Amino acid sequence: MPEYLLKIRRYDPHSGRAAYWDEHAVELGERNSVLDAILKIRDEVDGSVGIRCSCQQAICGSCGVRMNGKPGLACNTHLEDAAARPHGTGWNPGDGVGLTADGSGRGDTTPSNVIEVEPMGNMPVIRDLIVDMDAVHWKKIQRVTPYLINKEPIPEREYIVPHENMVDVTQTMACIQCGACVSDCLSMEIDPGFIGPAALAKAYRFVGDPRDAEHRERLQDIAEDPHGMYDCTHCFNCIDACPKGVAPMSQIMRLRRRAGSDEKIVDRNNGERHEDSFVTLVRDYGLLHEAELLPRSFGGNSWFGKFHPDAGKVLLKSLPSIIPAVLKGKVSIKGAMFGHKIDQSDLGAVQKIYSKVEGRPQRVELNLYVSGVDDEPPPSEPGASSTSTAGDAQTSGVAAAPADKSPTFGGPEEGTPSESSESESA
Amino acid sequence: MKVAYWPGCVSRGFTPELHGSMAKVAPLLDIELVQLDRAACCGAGVIAEHNQELADTLNARTFALAQQVQGAELMMNICSTCQGAQSECQERLDASGDYRSQINANLADEGLSYERGLTNKNLLWLLVEEIGLDTLRAKVKRPLSGLRVGPFYGCYIVRPVDRLGIDSERPRDRYMHMVIEALGGTVIDYAGVYKCCGFPIITMNMDASLKMAGRHVGDAIDAHADCLVVPCPLCHLNLDLQQPLAAKQVGRELGLPILHLPQLLGLALGLDPKDLGMSKHVVKPTSVIDWSASVVAGAPA
């Protein structure tokens, strides 16, 4: 059996001692889990190692830790996979490629049997590998009203929810509340007030549920919060961190789509104006007209947006950047005034696409988590980009987004559910 | 090699030095650029957030135009955000024949159609996978000796790893490290290598956005980097154009030059810094780097 060197980050805030690395050599199979190794150390060597765990089957979500810098569940991460991760940054082993001999590159000298196990990030440490989920994760989950608010009147029998609607929220329901996404959220790292990926994914679970009575209020709440859904930076860390394929960032994008396009919620954080201005500018120019985007996001989506006091304020604040950019010829006055455009014939074609797509009564969306990937032979061209296989494939083909624009829930007393509907008890 | 070249919007707008330096560097690397002038913005994830079908159709149109370029081996971009946004659309288009047909129907008026399986690579990937580091090394005229370069990957080109095809066979999350070394430079490791520049939320939460930029630049300075190199013009906007504001936000002096990838290549391949648009940066690289025989740090300001 191979030997792994586990370096466990130990810390007891009450001890007065600084955090330190505790090293243990463990003999276990490559396909044993990191949790197996930690528990072996705790059982056989040092009973004081603090780790929270229960089911050991990736169901309970208790054993979230960072392994070689990446968050995940200790119970479903094989030792060989954890050891193959780099140390600190990136996803690939530090095999010396591109790393210099002066020791600046972490990972170049680290043997591949070393696994550094640390507590998750963005949450205070209670002891060793145990973080305070109450202080951050659960507080944020509670922030988004994580329960169904019934539509009135409550029917005498169960609510009937169309199958498509339940499938739509299945992805967020797969969350096991392990906190791995919270651990590595780059927006939360800068702004601890950010509601964060897990709680926002939870919010979509109810915004996408036709039985819930307060979709608009929920959306308005997280749109208007100065640390709300528009503070997600699209860093994709939560998508890679999640052991269950929830893709919290994709749920945040769907929340924004529902808030901006369906509910027309104009928030004080410029989220809706930014999106609306971006989409409009590409329609009008074919390319992004950057100089218009900033003032319109603050002042409103029209050419006159720049004359709004809020736009004036931000332009004034940005002068330390704008002045050198203009002086150095990075940005020309003409470019800033008129932007750049594609040819008229192509612009016409782009605008036709806009009319066609935006004119549909219901948006067309494909969620690969739900649809899976077609079983087609691989493309013939060499080096073609690979497509990842999505989670559980349940249906195939094109799915019209069920909960968008025209929620299909009728309720038992309001309409007859379609033949494909499944019952879900509320 | 001949490529269908998608420069993106920002490289022709607020970072003209990126598009310009790419044009200068391409012939030295034997890359023939056939520019996709007719294509529209990739949407940067924002159009997809507004309407997925719209973003997928606009990008399918770009892919279809790329596939019409006679003799082109693949499509190349110089913007991580374009790479990420286009890879996301392509993942959906390639995953489902029914969906692809529906999107292609939106392009029928122009007689365009996207065929599954386009190869779309950022310049960084093309350098390592198509040109090769040995070839690149052989072309170096002015090695970056002693220049301490921090790679700043940002988000869209390294995550999600499955979609972007990153694995041990194609360690695309280490390519900038490899390229910097191939050009003779020294790689600097610092906390921000794979973090977000903050640009996507600059209009929604300017303080947080600038704090991200300021923190990463500050971390790189603390690790004694002479400059950062970025594969994305949007990262460049937050790290260079906004650096004066970011410095205020984090309450410390910064002043770290930020180079576009083609600029770093151009320097090593012997081009004049001015021709590479270095004088257009807000943080002037020419004040901290001596360009004479080899590119080294520490020249008097």
Inset, instruction - Could you list, in sequence order, all residues of the range B:260-272 that are surrounded by fewer than 18 Cβ atoms within 10 Å (Cβ to Cβ) and either assigned by TED's automatic domain parsing to the domain that holds B:Ala23 or over 15 Å from B:Ala138 (Cα atoms) (or both)? - result: B:Asp272
Inset, instruction - May I ask you to list the residues in the range A:243-263 that are surrounded by 24 or more Cβ atoms within 10 Å (Cβ to Cβ) and not in a helix (DSSP H, G or I)? - result: A:Val246, A:Ala247
Inset, instruction - Please list, ordered by first then second residue, the pairs with beta carbon atoms under 8 Å, 6 or more apart or interchain, first in the range A:350-374 and more than 8 Å from every other protein chain (Cβ to nearest Cβ) and hydroxyl-bearing (Ser, Thr, Tyr), second outside any helix (DSSP H, G or I) and buried (at least 21 other Cβ atoms within 10 Å of the Cβ). - result: A:Tyr369/A:Ala247
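Conditions (1) in contact (Cβ under 8 Å) with a residue 60 or more places away in the chain; (2) in contact with a Ser or Thr (Cβ under 8 Å, 6 or more places away or on another chain); (3) more than 30 Å from A:Glu272 (Cα to Cα); (4) surrounded by fewer than 24 Cβ atoms within 10 Å (Cβ to Cβ), marked per residue:
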residue	(1), (2), (3), (4)
B:Phe152	yes, no, no, no
B:Val158	no, no, no, no
B:Val161	no, no, no, yes
B:Ser168	no, no, yes, yes
B:Pro171	no, no, yes, yes
B:Val179	yes, no, yes, no
B:Gly184	yes, yes, yes, yes
B:Phe199	no, yes, no, no
B:Asn205	no, no, no, no
Legend entry - Candidate set: the range B:156-208, residues that are among the aromatic types (Phe, Trp, Tyr) and under 24 Å from A:Ala84 (Cα atoms); chosen: the one modelled with the highest pLDDT: B:Tyr156
Legend entry - Selected residue (criterion: modelled with the lowest pLDDT) from residues of the range B:274-301 that are surrounded by fewer than 19 Cβ atoms within 10 Å (Cβ to Cβ) and within 14 Å of chain A (Cβ to nearest Cβ): B:Ser287
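Do we find that B:Ala108 is out of contact with any Lys or Arg (no Cβ under 7 Å at 6 or more places or on another chain) and more than 9 Å from every other protein chain (Cβ to nearest Cβ) in this structure?
yes
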Legend entry - Unique residue being at pLDDT 95 or above, more than 28 Å from B:Glu88 (Cβ to Cβ) and in a helix (DSSP H, G or I) when the list is B:Asp240, B:Asp219: B:Asp219
Legend entry - Matching strands (runs of 3 or more DSSP E) fully within the range A:1-89 where at least 1 residues are closer than 27 Å to A:Lys244 by Cα and in contact with a Ser or Thr (Cβ under 8 Å, 6 or more places away or on another chain): A:64-67, A:70-73
Inset, instruction - Answer yes or no: is there a residue in the range B:24-45 that is acidic (Asp, Glu) and in a loop (DSSP other than H, G, I, E, B). - result: yes
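On the basis of being at the interface with another protein chain (Cβ under 9 Å from one of its Cβ atoms) and surrounded by fewer than 18 Cβ atoms within 10 Å (Cβ to Cβ), does B:Asp134 make the cut?
No; evaluated as a whole, the condition is false for this residue.
Report yes if A:Val279 is within 30 Å of the chain's Cα centre (by Cα) and within 27 Å of B:Ala213 (Cα to Cα), otherwise no.
Answer is yes for this residue.
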Inset, instruction - List the number of the failed condition for A:Pro226; all other conditions in (1) modelled with pLDDT of 95 or more; (2) part of a helix (DSSP H, G or I); (3) surrounded by fewer than 24 Cβ atoms within 10 Å (Cβ to Cβ); (4) over 13 Å from the mean Cα position of the chain (by Cα) hold. - result: (2)
Inset, instruction - Give the residue that is surrounded by the most Cβ atoms within 10 Å (Cβ to Cβ), with candidates limited to residues of the range B:68-84 that are of a type in the set (Gly, Ala, Ser) and more than 9 Å from chain A (Cβ to nearest Cβ). - result: B:Ser80
Inset, instruction - Report whether or not A:Thr280 is surrounded by fewer than 21 Cβ atoms within 10 Å (Cβ to Cβ) and of a type in the set (S, T, N, Q). - result: yes
Legend entry - Qualifying position, being touching a residue at least 24 places away in the same chain (Cβ under 8 Å), more than 9 Å from chain B (Cβ to nearest Cβ) and small (Gly, Ala, Ser), among A:Gly312, A:Gly300, A:Gly286, A:Gly271: A:Gly300
Inset, instruction - Would you check if B:Leu58 is free of Cβ contacts under 8 Å to residues at least 12 places away in the same chain, out of contact with any Leu (no Cβ under 8 Å at 6 or more places or on another chain), over 27 Å from B:Asp240 (Cα atoms) and surrounded by 23 or more Cβ atoms within 10 Å (Cβ to Cβ)? - result: no
Inset, instruction - Name the residue, out of B:Val128, B:Val161, that is hydrophobic (A, V, I, L, M, F, W, C), more than 20 Å from A:Val364 (Cα to Cα) and facing chain A (nearest Cβ under 7 Å). - result: B:Val161
Legend entry - Number of the condition not met by B:Leu93 [criteria: (1) in a helix (DSSP H, G or I); (2) aliphatic (A, V, I, L, M); (3) in contact (Cβ under 8 Å) with a residue 40 or more places away in the chain; (4) farther than 23 Å from B:Pro200 by Cα]: (3)
Legend entry - Exclusive hit being crowded, with 23+ Cβ neighbours inside 10 Å, more than 7 Å from chain A (Cβ to nearest Cβ) and farther than 25 Å from B:Gly198 by Cα, set B:Tyr99, B:Tyr114: B:Tyr114
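Test A:Gly305 against the stated conditions and say whether it is in contact with an Asp or Glu (Cβ under 9 Å, 6 or more places away or on another chain), modelled with pLDDT under 95 and facing another protein chain (nearest Cβ under 8 Å).
So A:Gly305 fails the test.
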Legend entry - Which numbered condition B:Glu110 misses (of (1) in the same structural domain as B:Asp37 (by TED's automatic domain parsing); (2) touching a helix residue (DSSP H, G or I) at 6+ places or on another chain (Cβ under 6 Å); (3) under 30 Å from A:Tyr369 (Cα atoms)): (3)
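The values are calculated or read from the model by the stated rules, or taken from the named source; none is laboratory data. All values reported here derive from a predicted model rather than from experimental measurement. As a convention, Cβ positions derive from the backbone with ideal geometry for all residues, glycine included, and neighbour counts pool all protein chains shown.
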